[in-house]
Amino acid sequence: MRILFIGGTGIISSACTPLAISRGMEAYLLCRGVSPRAVPPGARVLRGDIRDRDSARCALAELEFDAVVEWVAFTADHIETDIELFRGRTRHYVFISSASVYQTPPGSLPVRESSMLDNPVWQYSRDKIACEERLVRAYREERFPVTIVRPSHTYDATLLPPHGGYTVIDRMRRGKPVIVHGDGSSLWVLTHHRDFAKGLVGLLGLDAAIGEAFHITSDELLTWDRIHHVLARAAGTEARIVHVPSDVIARYDREWGDSLLGDKTHSMIFDNTKIKRFVPDYLATIPFSRGAEEIIAYHDADPARRRIDPAFDQLMDRIIADQRGILPPSHR
């Protein structure tokens, strides 16, 4: 089976490409060549810019594909370009959306693929919803062979889940407090990219998946306090946590606030029955405790990876100082 990944060297896709190749698929990557991750052995690179139609057409030449996976489309305009480029060129088009498109806050749990799509806070999510709506219309009007896949918080060794990245680990190691939104008890799902890959690759070229939407996540549920404690243990330290309401964080930092109020503030539990029904061998088997060890080992292996954001470090200090200034002495 000949497949094309538009992208293919990102956090999630970097696990999907080698798995597809190991299963005998002929893998092409359409990319500009600017990723820090190496192209997996056996993948064929097409140098081109999917955001530039002429560049993409030149790179694709006359190639046709059994499946195309779009990793880097974020607006409806991007989807229009893809429909034009791949109409009649592929038997299966897979759009990587986001689980943040689901109703926020969720109306009921667990979240299923049939749950309402509505995110009033985060523009990123609203744009992904618009992408999905355009593709659904293309499927209905012209049978464009689309499958929608919604990853939740998927990570590899390079990605630290808390906002602020390695700066949070650095603070822990220096004995400084770190902020966790709310009271730290909301439930969250972190999915290792190698686990996600098993679900995604299992869908490629699957006729029954056309016209369907899937989320692909782990079944492990973690509180945000637990996430920080697991990371701290992997880093050989402790997490001194200060809880701050998400709406308060948003008043200090709009980007951080949007990512919380539009996504991470709310408990999320996903029903993975559908992906398991279509891909019977799908099972997420990597717990975050092991993933956290990979993350810390990756960052500790090279000082250049342990990048500190001084502005974020100072922002966290300021928020904590302000919060402690208004708390009663017994809670300081």
Counting sequence-distant residues (5 or more places) and residues on other chains, those with an amide H built under 5 Å from that of V178 are R240, I241, V242
Applying the gyration tensor rule to the Cα atoms of region 1-98 (axes a ≥ b ≥ c; rounded if a/c under 1.5, else prolate if a/b exceeds b/c, else oblate), the class is rounded
Sort V121, V168 by Cβ crowding within 10 Å, fewest neighbours at the top. V121, V168
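To the nearest 0.05, how large is the calculated FRET efficiency for E238 and A311 if R₀ is 30 Å and r is the Cβ-Cβ distance? Working shown, then result.
Numbers: r = 25 Å, r/R0 = 0.83.
Given R0 = 30 Å and the Cβ-Cβ separation, E is 0.75.
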Which of the three applies to region 243-296, rounded, prolate or oblate, going by the alpha-carbon gyration tensor with a ≥ b ≥ c and a/c under 1.5 meaning rounded? oblate
Rounded to the nearest 0.05, what FRET efficiency is calculated for D118 and S185 with R0 set to 41 Å and r the Cβ-Cβ distance? 0.95
Largest first, please: the extent of the C-alpha atoms of region 51-131 along each principal axis, to the nearest Å. 47, 23, 14
Could you tell me the extents of region 2-48's C-alpha atoms along the three principal axes, largest first, rounded to whole Å? 26, 19, 15
Which semi-axis lengths, in whole Å and largest first, follow from the square roots of five times the eigenvalues of the Cα gyration tensor of region 99-141? 20, 14, 6
Using 10 Å bins from zero, what percent of all Cα-Cα pairs in region 25-179 falls into each bin? 9, 30, 32, 20, 7, 1
Using only Cα atoms, locate the centre of region 76-118 and the centre of region 228-269, then give the distance between them in Å, rounded to an integer. 26 Å
How big is the antiparallel share of DSSP beta bridges in the chain, given as a percent to the nearest 5? 10 percent
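With runs of 4+ DSSP H residues as the only contributors, calculate the mean residue ellipticity of the chain at 222 nm using -39,500 (n - 2.57) per run, divided by the residue total and rounded to the nearest 500.
Working: 12 runs with 128 residues, N = 332.
Value at 222 nm, helices only: -11500 deg cm²/dmol.
What value in Å³ per residue do you get for the convex hull of the alpha-carbon atoms in region 117-241? Walk me through the intermediate numbers first.
On the way: hull volume 15.5 nm³, N = 125.
Hull volume normalised by residue count: 124 Å³.
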Shape call for region 183-277, from the Cα gyration tensor axes a ≥ b ≥ c (a/c under 1.5 means rounded, otherwise prolate when a/b beats b/c, else oblate), comes out prolate
Give, in nm to one decimal, the length gained when the segment between D300 and A76 is fully stretched (0.36 nm per residue of separation minus the Cα-Cα distance). 76.7 nm
Pairs over 31 Å Cα to Cα, from K176/K264; K128/K176; K128/K198, come to K128/K176
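What relative contact order, as a whole-number percentage, does the chain give when Cα pairs under 8 Å and 6 or more residues apart are counted?
Relative contact order of the chain: 18 percent.
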For Cα extents along the principal axes in Å the list reads [x] 82, 57, 41; [y] 69, 43, 38; [z] 77, 50, 30; the calculated value is entry [y]
Charges only on Cβ, +1 for Lys and Arg, -1 for Asp and Glu: so what's the dipole of the chain about the Cα centre, in debye to the nearest 20? 540 debye
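Values in this text are rule-based calculations from the coordinates and carry no lab data. Please read all numbers here as calculations on a predicted model, not as lab measurements. Positions of Cβ are generated from backbone atoms using ideal geometry, with glycine treated the same way; all protein chains shown enter the neighbour counts.
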